[in-house]
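Peer 1: Before I ask anything, here is the structure I am working with.
The values are calculated or read from the model by the stated rules, or taken from the named source; none is laboratory data. Computed from a predicted structure; not experimentally measured. Ideal geometry is used to build each Cβ from the backbone, glycine not excepted, and the neighbour counts take in all protein chains shown.
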Amino acid sequence: MARPKDAPSKDWPDVRLHVVTGKGGTGKTTAAGALALALASGGGRVLIVEVEGRQGLAQLFDTPPLGYAEERLAPAPEGGEVFGLAVDPEDALLEYLELFYRMRSAGRLLDRFGVVDFATTIAPGLRDVLLTGKVYEAVGKRRAGRREYDAVVLDAPPTGRIARFLNVNSEVAGLAKVGPIRSQADSIMGLLRSRRTAIHVVTLLEEMPVQETVDAVAELAEIGLPVGGIVLNMLRSAPLRPTDLAAAAKDALPRAEVLAGLGAAGVEATPETVAVLLEEAREAAERAALERRERRRVSALGRPMYALPLLADGMDLGGLQDLAAELAAQGAA
Amino acid sequence: MSPARRSRAVPTPLPAPVPQTLDVDAILDDPTVRIVVCCGSGGVGKTTAAAALGVRAAERGRRTVVLTIDPARRLAQSLGLTSLENEPRAVRGVDTSAGGRLDAMMLDMKRTFDEVVTAHADEVKAQQIFANPFYQSLSSSFAGTQEYMAMEKLGQLRARADAEGTWDLIVVDTPPSRSALDFLDAPKRLGSFLDGRLIRILMAPAKAGGRAYLRFVGAGIERVTNALTKVLGAQVLKDVQTFVAALDTMFGGFRERADQTYALLQAPGTSFLVVASPEPDALREASYFVERLAAEHMPLAGLLVNRLHHVGRLAGLSAEESIAAAERLDRLGGHPLTSALLRQHAERERQAIRERHVVDRFVAAHPDVALAYAPAQASDVHDLAGLRAVAAAVAANAAR
């Protein structure tokens with residue numbers, strides 16, 4: 001079996017739980033998967049957990065749908081391993097009853113009376129309690145006297161819901177003044193508020209995702225949850241030089257020169273061809289200006305930033321390994 | 001062609017499936033369409049689509065209200081939504097010369113829930129409910145409440161539109177849910193919960209004659225109550241029980257409303273517009289949604305593919321041809337700008353082809369779903385002119 005590393009992450013040496021959030025469409029599952037691979041490379045055992053019932057991990061790692069047990073998803077470079085877990089709230093509830101109260105049969109009874117349905121759907125807060133509880137359990141899991149996983153990566157709900165999701169146990173603590181639920185809630189909040197947790201936010205360099213990132217960082221800080229790094233995802237390569245982009249923005253690129261260039265390349269070109277190419281350059285310039293502006297807003301948050309490229313040919317396991325290598329090289333793992 | 005002859009031929013690739021065209025203007029202009037629901041996974045531009053359609057409908061003469069759930073700040077500003085009022089207000093700058101109007105509102109889920117309580121309980125009971133810790137958590141912090149309340153608000157707006165004649169079209173955005181289907185399930189779940197045995201168990205201790213009722217329901221019940229007490233703690237259970245008891249009078253109201261909203265979504269005057277970006281995840285979610293709507297007999301207008309790049313803008317300059325030309329130039333030297341422009345173009349073409357591929361796969365799987373397209377924009381839309389332009393582009397695609 002692979003030997004656990006001493007410190008799984010350069011920038012986050014104390015962190016055992018990496019929570020990855022981001023606005024919908026920013027690629028947070030991909031970033032979470034890449035981070036898990038990066039953390040595992042060099043011999044670590046890393047568990048990645050999904051809680052939204054979408055089987056996003058199975059799609060990302062190209063495996064059959066995950067069941068309610070940890071399964072090996074992929075090898076990481078130099079002997080590491082990534083395991084995956086898709087937490088199902090109903091199973092989590094029954095397991096929770098069994099584990100904490102030795103009430104397996106009562107669990108079935110509760111199911112029959114609609115309590116399980118209530119707990120996992122009608123009272124979605126309880127669902128979040130169960131999901132975070134399961135994550136907490138995975139972080140603390142031990143086998144043969146040592147930790148089962150060097151790190152746990154949580155593919156968390158999106159930025160719009162992340163603070164509520166992670167803070168649900170302090171809501172519970174507000175409701176339940178004493179009792180087993182209260183102590184469980186306190187333990188979970190203890191982990192989530194500690195240096196052993198980092199909440200990373202994935203964003204695109206676009207206005208809305210960055211706004212949600214800024215909002216989420218403020219919201220998390222306000223309730224005392226530790227914000228980690230910001231992952232700038234799907235960055236495009238920029239074939240045009242900055243000076244060309246500046247000229248393109250002012251529609252000042254030399255048309256004649258471009259037309260001559262196309263001729264030299266053996267392309268049958270008309271002024272219309274040139275116009276389309278320059279229009280594309282103008283759009284690229286507009287996007288580049290927007291990206292610069294948004295990057296400044298992200299920088300102003302004062303968090304470590306990691307940049308991941310857009311993979312031109314779509315996502316596959318090879319691409320995921322490339323992204324993991326990027327994250328590792330930039331110090332995220 | 002005989003099968004024998006065909007088998008000898010080199011297999012030709014199947015032609016790309018041709019989708020049906022979604023005519024957005026036809027929907028917006030149809031006076032029998034009273035509700036347009038924009039749904040889809042997060043980050044696909046649902047809110048922008050809802051706002052853009054609202055502007056277009058209003059400028060084409062419909063008296064329209066847009067219900068947004070969680071708009072981006074600048075989009076909200078462009079609609080004049082600077083504060084959470086939980087009430088529609090007029091959007092300024094909309095051309096009303098065709099006789100239409102545009103109002104917009106942002107959902108405040110806690111206030112919506114409070115309003116439901118106030119409307120259904122007498123003052124004393126309402127105060128009891130507001131003071132209950134369980135209610136406070138349920139109404140403000142728990143995920144999922146947003147879905148219920150979005151549907152509740154839709155019901156309210158519709159009732160008001162019918163009673164006062166204020167609006168003849170409601171465009172509704174759906175919450176950024178765990179899954180795009182959550183809002184569809186929310187009212188139903190609430191209904192089945194309220195009908196369920198659990199609620200009767202929770203209410204039993206607070207009712208006179210509770211013991212007899214318990215005997216009637218069955219022997220397992222005390223174990224259930226004991227289990228709940230053990231797990232939740234006696235005090236939480238008590239909070240929940242008092243909450244449920246206080247809600248007792250409202251249950252009929254709640255269930256009725258849940259059923260009504262559901263019926264409203266199935267009614268002919270409702271049109272679902274699934275919004276997706278041309279990416280595998282978003283279209284997978286869209287597929288789900290399309291199938292689910294069909295299963296629930298809910299009227300699907302079609303799919304709006306948002307932020308699409310067009311393929312083949314320049315004849316003779318496909319992605320491969322552009323790269324080849326750029327490489328020729330690099331070998332020759334002397335034309336770095338043209339080479340960079342060609343690479344830039346190649347990247348865009350490649351993305352456009354990737355997008356077309358995922359859209360084609362959707363069309364092949366759902367040949368009956370009509371499609372509309374909104375072109376990719378270099379930057380986000382955040383003013384009325386931008387919304388107008390998006391809607392015009394969507395409509396123009398249909399006209400073409």
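Peer 1: Restricted to region B:311-320, and to residues that are facing chain A (nearest Cβ under 7 Å) and either of a type in the set (Val, Ile, Thr) or surrounded by fewer than 18 Cβ atoms within 10 Å (Cβ to Cβ) (or both), which residue is nearest to the chain's Cα centre (by Cα)?
Peer 2: B:313
Peer 1: Scanning region B:321-378 for residues that are at the interface with chain A (Cβ under 7 Å from one of its Cβ atoms) and among the basic types (Lys, Arg), which turns out surrounded by the fewest Cβ atoms within 10 Å (Cβ to Cβ)?
Peer 2: B:328
Peer 1: Follow-up question, since we're still on this one. For residue A:33, are the conditions met, namely being touching a Pro at 6+ places or on another chain (Cβ under 8 Å) and either of a type in the set (A, V, I, L, M, F, W, C) or more than 15 Å from residue A:139 (Cβ to Cβ) (or both)?
Peer 2: Here the answer is no, as residue A:33 does not meet what is asked.
Peer 1: Determine which member of the set B:125, B:153, B:110 is basic (Lys, Arg) and within 15 Å of residue B:261 (Cβ to Cβ).
Peer 2: The conditions single out B:153.
Peer 1: Something else now. Give just the number: which of (1) in the same structural domain as residue A:63 (by TED's automatic domain parsing); (2) of a type in the set (Val, Ile, Thr); (3) in a loop (DSSP other than H, G, I, E, B) does residue A:231 not satisfy?
Peer 2: For residue A:231, the failing item is (3).
Peer 1: Among the numbered criteria (1) surrounded by fewer than 19 Cβ atoms within 10 Å (Cβ to Cβ); (2) more than 10 Å from chain B (Cβ to nearest Cβ); (3) not aliphatic (A, V, I, L, M), which single criterion is violated by residue A:228?
Peer 2: (1)
Peer 1: Determine whether residue B:312 is out of contact with any helix residue (DSSP H, G or I) (no Cβ under 8 Å at 6 or more places or on another chain) and part of a loop (DSSP other than H, G, I, E, B).
Peer 2: In short, no.
Peer 1: Further question on the same structure: Just checking, which of B:60, B:111 is modelled with pLDDT of 95 or more, surrounded by 14 or more Cβ atoms within 10 Å (Cβ to Cβ) and away from every other protein chain (no Cβ under 14 Å)?
Peer 2: B:60
Peer 1: Would you confirm whether or not region A:1-24 contains a residue that is more than 19 Å from residue A:196 (Cα to Cα), more than 14 Å from chain B (Cβ to nearest Cβ), over 13 Å from the mean Cα position of the chain (by Cα) and not small (Gly, Ala, Ser)?
Peer 2: Taking every residue of region A:1-24 in turn, at least one turns out to be more than 19 Å from residue A:196 (Cα to Cα), more than 14 Å from chain B (Cβ to nearest Cβ), over 13 Å from the mean Cα position of the chain (by Cα) and not small (Gly, Ala, Ser).
Peer 1: For region A:291-308, give me each residue that is of a type outside the set (D, E, K, R) and in contact with a helix residue (DSSP H, G or I) (Cβ under 7 Å, 6 or more places away or on another chain).
Peer 2: A:298, A:301, A:305, A:306, A:308
Peer 1: With the condition kept exactly as written, say whether any residue in region B:292-301 is over 27 Å from residue B:268 (Cα atoms) and surrounded by 18 or more Cβ atoms within 10 Å (Cβ to Cβ).
Peer 2: Scanning region B:292-301 turns up no residue that is over 27 Å from residue B:268 (Cα atoms) and surrounded by 18 or more Cβ atoms within 10 Å (Cβ to Cβ).
Peer 1: Here are some residues: A:281, A:328, A:289, A:260. Which one is assigned to a helix (DSSP H, G or I), in contact (Cβ under 8 Å) with a residue 24 or more places away in the chain, at the interface with another protein chain (Cβ under 8 Å from one of its Cβ atoms) and among the small types (Gly, Ala, Ser)?
Peer 2: A:281 is the lone residue from the list that is assigned to a helix (DSSP H, G or I), in contact (Cβ under 8 Å) with a residue 24 or more places away in the chain, at the interface with another protein chain (Cβ under 8 Å from one of its Cβ atoms) and among the small types (Gly, Ala, Ser).
Peer 1: Exactly one condition in (1) within 29 Å of the chain's Cα centre (by Cα); (2) surrounded by 15 or more Cβ atoms within 10 Å (Cβ to Cβ); (3) within 11 Å of chain B (Cβ to nearest Cβ) is false for residue A:237; which is it?
Peer 2: That leaves (2) as the condition not met.
Peer 1: Yes or no: region B:292-301 includes at least one residue that is more than 11 Å from chain A (Cβ to nearest Cβ), acidic (Asp, Glu) and closer than 30 Å to residue B:116 by Cβ.
Peer 2: yes
Peer 1: Now for a separate question. Restricting to region A:247-257, and then to whatever is assigned to a helix (DSSP H, G or I) and out of contact with any Ser or Thr (no Cβ under 9 Å at 6 or more places or on another chain), can you tell me which residue is surrounded by the most Cβ atoms within 10 Å (Cβ to Cβ)?
Peer 2: Once the filter is applied, the top-ranked residue is A:248.
Peer 1: If you take the residues in region A:62-83 that are away from every other protein chain (no Cβ under 14 Å) and part of a loop (DSSP other than H, G, I, E, B), which one is surrounded by the most Cβ atoms within 10 Å (Cβ to Cβ)?
Peer 2: Per the stated criteria, the residue is A:66.
Peer 1: Might you check whether a residue that is within 13 Å of chain B (Cβ to nearest Cβ), at negative phi and outside any helix (DSSP H, G or I) occurs anywhere in region A:207-220?
Peer 2: no
Peer 1: Of all helices (runs of 4 or more DSSP H) completely enclosed by region A:146-196, which ones contain at least 3 residues that are away from chain B (no Cβ under 14 Å) and aliphatic (A, V, I, L, M)?
Peer 2: Filter on region A:146-196 gives A:180-192.
Peer 1: Another question, if that's okay. Just for region A:292-320: of the residues that are under 19 Å from residue A:200 (Cβ atoms) and part of a helix (DSSP H, G or I), which one is farthest from the other protein chains (Cβ to nearest Cβ)?
Peer 2: Among them, the one singled out is A:299.
Peer 1: Report, by residue number, each residue of region B:124-137 that is within 11 Å of chain A (Cβ to nearest Cβ) and free of Cβ contacts under 8 Å to residues at least 60 places away in the same chain.
Peer 2: Answer for region B:124-137, where residues must be within 11 Å of chain A (Cβ to nearest Cβ) and free of Cβ contacts under 8 Å to residues at least 60 places away in the same chain: B:136, B:137.
Peer 1: Follow-up question, since we're still on this one. Report every pair of residues separated by at least 6 positions or lying on different chains whose Cβ atoms are under 9 Å apart, first residue within region A:38-61 and under 14 Å from residue A:18 (Cα atoms) and more than 13 Å from chain B (Cβ to nearest Cβ), second part of a helix (DSSP H, G or I) and among the basic types (Lys, Arg).
Peer 2: These pairs meet every condition: A:49/A:134.
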